[in-house]
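Before any comments, here is the structure.
The values are calculated or read from the model by the stated rules, or taken from the named source; none is laboratory data. Remember, it's a predicted structure, so these values are computed and weren't measured experimentally. Neighbour counts run over all protein chains shown; Cβ positions are idealised from the backbone, glycine included. Accessible surface areas use protein heavy atoms only, side chains included; no ligands, DNA or RNA. Shrake-Rupley method; radii C 1.70, N 1.55, O 1.52, S 1.80 Å.
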Amino acid sequence: TEGPCTLLGSGISYISKDRPALMASIIDNTIPYRPEEKPIYDVISEDSGKTWNVVSTANSAERSGFSYFLDEENGVLIRFYARYPKGLDLDGCDGEKKHEVVLQISRDEGKTWNEPERIHYGKNYFYGITKLHDGTLLWLYTENQHENDHHSCMKTLIGHWNKDNSSIKWKNGGMLEIDPLKSSGGLDEPHACQFRDGRIFVVLRQGNIL
């Protein structure tokens with residue numbers, strides 16, 4: 001690929017702990033397209049990002065770019081993305097159309113994937129998955145709480161692999177919100193890490209202010 005590109009989603013990832021191969025989704029900013037017609041390029045690099053090759057293409061009206069997460073301990077690559085059964089809403093969480101978030105698992109470094117599993121349906125944005133010290137998967141997302149206005153809170157999903165590591169069981173975790181009178185759009189773009197003493201640190205931005 002050549003020219004300025006934008007990385008989509010929140011998860012560029014190595015596909016294996018044993019070799020320098022990366023997967024990501026990008027769009028090419030040098031080509032003028034209507035937002036709902038912009039092609040998404042799913043790309044792979046075999047040299048830690050020095051060069052990239054396109055492996056598949058999708059239309060932005062059908063789905064978002066892939067976000068990836070490698071569970072090194074279990075040797076499993078995860079990807080998740082949004083699908084738009086009612087069509088793409090250019091206003092995102094502020095719009096009227098809900099979308100679904102789906103997840104897939106690969107055990108062969110992204111060559112094949114299991115059937116998509118729908119995780120959530122609503123007005124939301126899902127961000128990166130974090131693996132905690134005890135093996136728990138922490139998945140943060142924001143969801144618009146208002147029908148006619150934009151005010152997002154942060155929610156969490158807590159995941160555990162089943163015994164043969166073939167699927168993940170998710171359950172709802174805690175929620176964080178801010179007073180609408182003291183914010184502009186609520187909370188957005190949460191990212192988490194875990195300290196050595198077990199505490200979990202999350203950084204966010206206020207919804208409509210960078």
Q: Over the chain, give the accessible area per residue in Å² for a 1.4 Å probe, as an integer.
A: 56 Å²
Q: Consider the candidate values [x] 44, 43, 35; [y] 49, 48, 30; [z] 49, 41, 33; state which one is Cα extents along the principal axes in Å computed from the structure displayed.
A: [y]
Q. What ranking do 63-69, 195-201, 162-168 get when scored by the average of other Cβ atoms within 10 Å per residue, highest first?
A. 63-69, 162-168, 195-201
Q | More than 15 angstrom apart: percent of Cα pairs within segment 102-194 | A | 66 percent
Q. In whole angstrom, how far apart do the alpha carbon centroids of segment 17-92 and segment 159-200 sit?
A. 23 Å
Q: From the P(r) of segment 83-132, can you give the percent of Cα pairs sitting at distances over 15 Å?
A: 57 percent
Q.
Taking all protein chains in place and a 1.4 Å probe, what share, in percent, of the accessible surface of the chain do carbon and sulfur account for?
A. 49 percent
Q: Starting from segment 107-165, pick out the GluC sites (Glu not before Pro) whose DSSP state is loop and whose Cβ has at most 10 other Cβ atoms within 10 Å.
A: Glu147
